[in-house]
Amino acid sequence: MPDKSIESVLQETRIFNPPSAKDVGGPNWLIASLDQYKKMYKESIDHPESFWANIANDFHWFKKWDTVLEWNAPDAKWFSGGTTNVCYNCVDRQVDSGHGNDPAIIWEGEPVSDTGTPTDQRTLTYKDLQTEVSKLANVLKSKGITKGDIVTIYMGMVPELAIAMLACARIGAPHSVIFGGFSAQAIADRVSDAKSKIILTCDGSWRRGKIVPLKKNVDDAIKTMANDSPVEHVLCLGRCHNDISWGKLDCCWKEETEKASADCPCEELESEDMLFLLYTSGSTGKPKGIVHTTAGYMIFTATTAKYTFNLVPHDQGGNQTFWCTADCGWITGHSYIVYGLLPNRVPTLMYEGGPDHPTPARFWQIVDRHKVTQFYTAPTAIRAFMKWGDQHPESADLSSLQVLGTVGEPINPEAWMWYRNKIGRGVCPIVDTYWQTETGGHIITPLPGATPTKPGSCTLPMFGIDAAVCDEAGNVAKENVGGLMTIRKPWPAMLRGVYGDRQRFINTYWSTVSKDGQPYYAAGDNTRRDELGNFWIMGRTDDVINVSGHRLGTMEVESALVSHESVVEAAVVGMPHEIKGTGVAAFITPAPGFEASDELKQALRAHVAKEIGAIAKPDLIRFTGALPKTRSGKIMRRLLRSIAAGDTNITQDMSTLEDLSVVAKLSEKDER
Ligand code: PRX
């Protein structure tokens, strides 16, 4: 995070009370006062089973559940004995209840004409979705995909990406969506771990006027896996019409779906059947596959979307269009573009391209064009908009906006205030939503009509989330004293495991905090609660960094660096970055025969992009003869963080440091 200014500290103490629904031009607030929230929250914690059963009753079940919750820490089973289908609840249910012609997905592609008008736009109704999803589901079946087979999806932000996710859900084949910015090597790692027989991809995707060669990356990934590749089919959608090579595994999306039947009934799935895997970074090793299951995830994401964003379908007085700017390759896209939105029957907007293409006003033009009512983005984007200048949002009519959301990293109060004043007309409530890939949906967040907000705080827990600031013995910290972000009770969308690695699941999440022998969920963030009970997230407890809201393990970047011939040893830490929040700083000991140079830096950046993806490229590289280590050989990361932050006056205890001169050398040479 950028350093705190006095202005920022002052803003943190300001309280903004929720506006009336009329003030933002929206339908009535679903939760309209703090008292109403508190009452409902208490009910959800005291009687979680009846609380969630009441909500679950509003969904479609083939067969009702026998028990709401079976909890044998750390294993939760929600709605055992019940059978349902997420795709049915997202799509078919809306068609069956007479809303088939309502807009479900509103899509805008990146390309624009010479006059700046978008050339590719589509609106899919629930009926369209039902047809498209069913056809694709039949194609998957024709390729031998059945319940339980993991389908890898590596696509750009086109409607077919959402269609692909829903088609998997329809037939009970869990998906593993890989962000389109990841490299061939990253695809290979994930596909091997998931043992996917099929990859769904596009020829390319548009990003700031350039084509990202998705199909080529898939081809390279399959080559990398060589004889160990589990892939039998690659289904490729033509999007950018760039040149691609066509091999014996490849089949054409358009041809296959055109000939497929549009009749594919939803598979009746158990509540705990796996819905998807999503790979995310941790402190150690390769990214881990977080497992989410069917009923609990569906119910929690739809419920959190409804209350956090005040979603009201049009026939109940809401005339809303919801836009989450995330990519479906991240959990935010899974939960708040697709699965949390569609059951609420509010149209969800998908945008394909970059925020500044062809101009930095693009996002605001989209808000204006589609009369977006809820806008959900990341602090890193807000900081970029601030830098690009107020003239861009001022050039568009943003008066349709009702609720503004942020996610992915702490938001600095300056960015919060700018967001509220320049985008939200000084009136729209800001929901700073704190959550993780593992939590499935929002766990700490304001509710727009109920919660007084403070810039920089994610405020109060979501229904059903027994959140606390604890020490390792499960004791709750005093007011304003920092501790570990902990959840003491199970919630419906909690992760059910790390794919294929039970021990890692237990070690990572359930071994840090326990009380009376009962493990609590440890989120891996430091936090505190203020005198009003508001949570303030203070950064990770582990070696995970949040770069532009994207989660990266420092060790992943280190492994990528040391796999280059010029590197003997590498240490990677986060450093403050004006736009990204956290940037990547790499300290490198070059191999004999390699000289520190700008060319080598460029080569190393390119190498990291190849191994992981462009998001992991170091912002700062410093070469050093030796890394600062303790006498027992551990790299002193704390010290490197201070050096990367440009601290001139390092006051840390260095008594265990092996060679003090290393620090002097590292600090003296700024090669930024
Ligand atoms: O450190 C927290 C930060 O992002 C981490 C989760 O990253 P990921 O699983 O990629 O999910 C991001 C989107 C939900 C958290 O452990 N984080 C997320 N939201 C916030 C946040 N930090 C502060 N404030 C937030 N609102």
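For segment 72-171, what is the Kirkwood hydrodynamic radius in Å, using each pair of distinct C-alpha atoms?
It works out to 15.6 Å.
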The alpha-carbon center of segment 463-516 and that of segment 273-294 are separated, in whole Å, by 17 Å
Checking rank on 87-96, 116-125, with mean other Cβ inside 10 Å and highest first, the result is 87-96, 116-125
For the chain, the dipole about the Cα centre with charges only on Cβ (Lys and Arg +1, Asp and Glu -1), to the nearest 20 debye, works out at 260 debye
A correct Karplus calculation of ³J(HN,Hα) over segment 554-562, with 6.51 cos²θ - 1.76 cosθ + 1.60, θ = phi - 60°, whole Hz and x for Gly and Pro, returns 4, 5, 4, 5, 4, 4, 4, 5, 6
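From the P(r) of segment 414-460, could you give the percentage of C-alpha pairs in the tail past 18 Å?
The proportion of pairs with Cα distances above 18 Å equals 30 percent.
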Share (percent) of C-alpha pair distances in segment 207-256 greater than 16 Å works out to 42 percent
GluC sites (Glu not before Pro) in segment 433-501 lying in a DSSP loop, each with at most 13 other Cβ atoms within 10 Å of its Cβ, come to GLU479
Quick numbers on segment 153-217, Rg and Dmax over C-alpha atoms in Å, give 11.9, 36
Restricting to lysines and to Cα separations under 23 Å from LYS478, and discarding same-chain partners fewer than 8 apart, the set is LYS38, LYS42, LYS454, LYS489, LYS515
Expressed to two decimals, segment 548-666 has a Cα Rg over Rh, using the Kirkwood radius, of 0.95
For segment 1-138 the translational diffusion coefficient, Stokes-Einstein from a Kirkwood Rh over Cα pairs at 37 °C and viscosity 0.692 mPa s, in µm²/s, is roughly 160 µm²/s
One can check that the equivalent ellipsoid of segment 415-518, built from the alpha-carbon gyration tensor with semi-axes equal to the square roots of five times its eigenvalues, has lengths in Å, largest first, of 31, 17, 11
Rounded to the nearest Å, the spacing of the alpha-carbon centers of segment 296-333 and segment 605-623 is 34 Å
Burial-style ranking of 594-604, 233-243, average other-beta-carbon count within 10 Å with highest first, yields 233-243, 594-604
Per the helix-only model, the chain has a calculated mean residue ellipticity at 222 nm (DSSP H runs of ≥4, -39500 (n - 2.57) each, divided over all residues, rounded to the nearest 500) of -8000 deg cm²/dmol
Check: C-alpha center segment 125-151 vs C-alpha center segment 247-272, spacing in Å is 3 Å
Among HIS60, GLN11, VAL231, the residue whose Cα sits farthest towards the positive end of the charge dipole of the chain, when +1 is placed on the Cβ of each Lys and Arg and -1 on the Cβ of each Asp and Glu, is GLN11
Rounded to the nearest 5, the percent of DSSP beta bridges in the chain running antiparallel is 65 percent
Checked against a 31 Å limit on the C-alpha separation, the offending pairs among LYS195/LYS259; LYS77/LYS634; LYS216/LYS371; LYS143/LYS371; LYS288/LYS422 are LYS77/LYS634; LYS216/LYS371; LYS143/LYS371; LYS288/LYS422
Quick calc: nm separation of the 7 Å Cα→Cβ label points for ARG631 and SER261 -> 7.6 nm
Descending packing, highest mean Cβ count within 10 Å first, for 493-500, 309-316, 61-68 is 493-500, 309-316, 61-68
Diffusion coefficient in µm²/s returned for the chain by Stokes-Einstein, Kirkwood Rh over C-alpha pairs, 25 °C and 0.890 mPa s, is 95 µm²/s
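No value in this document is a laboratory result; all are computed from the given coordinates. It should be emphasised that the depicted structure is a prediction, and the values quoted were computed from it without experimental measurement. Glycine also receives a Cβ, built like all others from the backbone with ideal geometry; neighbour counts cover every protein chain displayed.
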